Amino acid sequence: MDPRLVTAIEVVIGVPAVLFGYIWLTEQILRPIPDRRRATIRPWLWLAPALLFLTVFLIYPTIGTIIHSFQNSPGTKFVGLDNFVYFFTSPTTLVALKNNVLWVIV
């Protein structure tokens, strides 16, 4: 069987199954909670997957990048602002920075 067909079947069946499972699980979690509190908890349960993806794929790598920007190349020693001083005083990197800014503007 063609692997693309298997992937298509997995997507067509798997994605709705996961979505249905999440909706069912969310409602099972909300069932024992009093009605007046469900309205405040339900939106957070719907936002939970998006917040999880945001944290794992955006916030965590951003924090890691910031930490690594203050270390030497192998990441073994803290060098403080030396990387930034080098970047903003090197003529080649300033040309690259100028070109990037122009690309963003255009």
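The values are calculated or read from the model by the stated rules, or taken from the named source; none is laboratory data. Note that the structure is a prediction, hence the values are computed from the model and not measured. Using ideal geometry, Cβ is built from the backbone for each residue, glycine included, and neighbour counts are taken over all protein chains shown. To get the accessible areas, we keep the full protein, side chains included, count just its heavy atoms, and leave off ligands, DNA and RNA. Shrake-Rupley method; radii C 1.70, N 1.55, O 1.52, S 1.80 Å.
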Which residue pairs have Cβ atoms under 9 Å apart, sit 6 or more places apart or on different chains, and have a first residue in the stretch 52-77 that is on the phi < 0 side of the Ramachandran plot and a second that is assigned to a loop (DSSP other than H, G, I, E, B) and open to solvent by 90 Å² or more (accessible area, probe 1.4 Å)?
Phe70/Leu81; Gln71/Lys77
Within the stretch 18-29, can one find any residue that is open to solvent by 90 Å² or more (accessible area, probe 1.4 Å), β-branched (Val, Ile, Thr) and out of contact with any Cys (no Cβ under 8 Å at 6 or more places or on another chain)?
yes
Return the residue satisfying two criteria in turn: it lies in the stretch 2-17 and is among the hydrophobic types (A, V, I, L, M, F, W, C) and surrounded by fewer than 11 Cβ atoms within 10 Å (Cβ to Cβ), and of such residues it is nearest to Pro49 (Cα to Cα).
Val15
What helices (runs of 4 or more DSSP H), lying completely within the stretch 33-106, carry at least 2 residues that are at pLDDT 95 or above and under 22 Å from the mean Cα position of the chain (by Cα)?
35-54, 60-68
Test: Thr93 is closer than 30 Å to Tyr22 by Cβ, out of contact with any Lys or Arg (no Cβ under 7 Å at 6 or more places or on another chain) and open to solvent by less than 80 Å² (accessible area, probe 1.4 Å)
no
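Quick grid of which residues meet (1) within 30 Å of Leu19 (Cα to Cα); (2) of a type in the set (S, T, N, Q); (3) open to solvent by 100 Å² or more (accessible area, probe 1.4 Å):
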| position | (1), (2), (3) |
| --- | --- |
| Arg36 | yes, no, yes |
| Leu54 | yes, no, no |
| Phe78 | no, no, yes |
| Phe88 | no, no, yes |
| Lys98 | no, no, yes |
